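Working notes, structure below.
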Amino acid sequence: MHISLLPFYQLRTLKAVAQDLRKQCAKLEKSQVSEAIKDLPAPQQHAVMACLAAAKRKGPQGNRFLLDWIYECLLMRIKGPKSYEHIRSRKILVLPRRTTLNRYMRKLHPGYGYRPQLFQVLKQKITDFSEGAKHGIIMVDEMKTECGVTFDRHTLKYVGMVDVGTHTPSNQITVIADHILQVIFKPFQGCWYQTLGCFITKGAAAGPVLSKVLLEGIGLCEGTGLQVDAVVTDGAHWNRNMWDLFGIGEESSSCEHPVDETRKL
């Protein structure tokens, strides 16, 4: 196999051309670049914008990344840490350092309960949905988990105690949880699911607590524009107790919708 190397003067010329192109890119307005790359897939657009921002800086400090690009970088690093570091160190793409990714992750403030930010994003996501695609069901289920309490040094709080959001019984605030309750929205049309919230309880959540969690979840969903037409649970006795509170029994499988009195749930 024959390998030809470029003469030194040609390498120097190519380097000068690359530097010149870098300066030209730095002078471009963001709107011009957005227009030029509008037909590219979203991840490629984010990569180009990150490169453009890097071209305008004099050094590696002070990088500012789009949140969508941060998410893409997190996924790339999870799937291949060594490949990620190679691409970053060789400057093939403008990628944030591990410490930067960790800093963004800490700002997400994960936790139990319904997160307002989730419903804000969900409201934006469904703006282009047809009316039929917005209808669906809420599924509620629980599972037993191992007990354990950890200290979050970033929030300075203990994690692992009973947490049912604003519906946590006052006598269980310091009780160690051993069950997880999950609330999920599933549309009738489409193949996506959305976890609305997770809660941790001591034993299975009682009917009165479940009813409050469910009512809040339905209200938040409906507030985004989604239409909750049904709720699905298994036949555990605590779920049956919850349905008793809604007036559901052998003679009735529906009740007045808590958000819209013209509809049935």
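We did not get these values from a lab; they are worked out from the coordinates using the rules stated. It should be emphasised that the depicted structure is a prediction, and the values quoted were computed from it without experimental measurement. Cβ placement follows ideal geometry from the backbone for every residue including glycine, while neighbour counts extend to all protein chains displayed.
Remarks
- Förster-model FRET efficiency, 45 Å R0, Asp152 and Glu251, C-beta, rounded to 0.05: 0.40
- Stretch gain in nm, segment His86-Thr145, where the contour uses 0.36 nm per residue and the Cα spacing is subtracted: 17.4 nm
- Phi angles across region 211-222 convert, under the Karplus curve 6.51 cos²θ - 1.76 cosθ + 1.60 with θ = phi - 60°, into 3J(HN,Hα) values of 5, 5, 4, 5, 4, 5, x, 5, x, 5, 4, 4 Hz, Gly and Pro given as x.
- Cross-link pairs exceeding 21 Å between alpha carbons, from the set Lys157/Lys202; Lys144/Lys264; Lys15/Lys91; Lys144/Lys202; Lys157/Lys212; Lys212/Lys264: Lys144/Lys264; Lys157/Lys212.
- Peptides 183-195, 246-258 ordered by packing proxy, namely the average of other Cβ atoms within 10 Å per residue, highest first: 183-195, 246-258.
- Cut-off 18 Å, label 7 Å out along Cα→Cβ of His135, residues of region 164-191 by amide N: 185-191
- Rounded FRET efficiency, nearest 0.05, which uses the C-beta distance separating Gln120 from Asp260 and R0 of 25 Å: 0.70
- FRET efficiency estimate (nearest 0.05) - Cβ-Cβ, Ile78 to Asp128, R0 35 angstrom: 0.75
- Computed on region 126-265, with alpha-carbon pairs under 8 angstrom and 6+ residues apart, the relative contact order is 26 percent.
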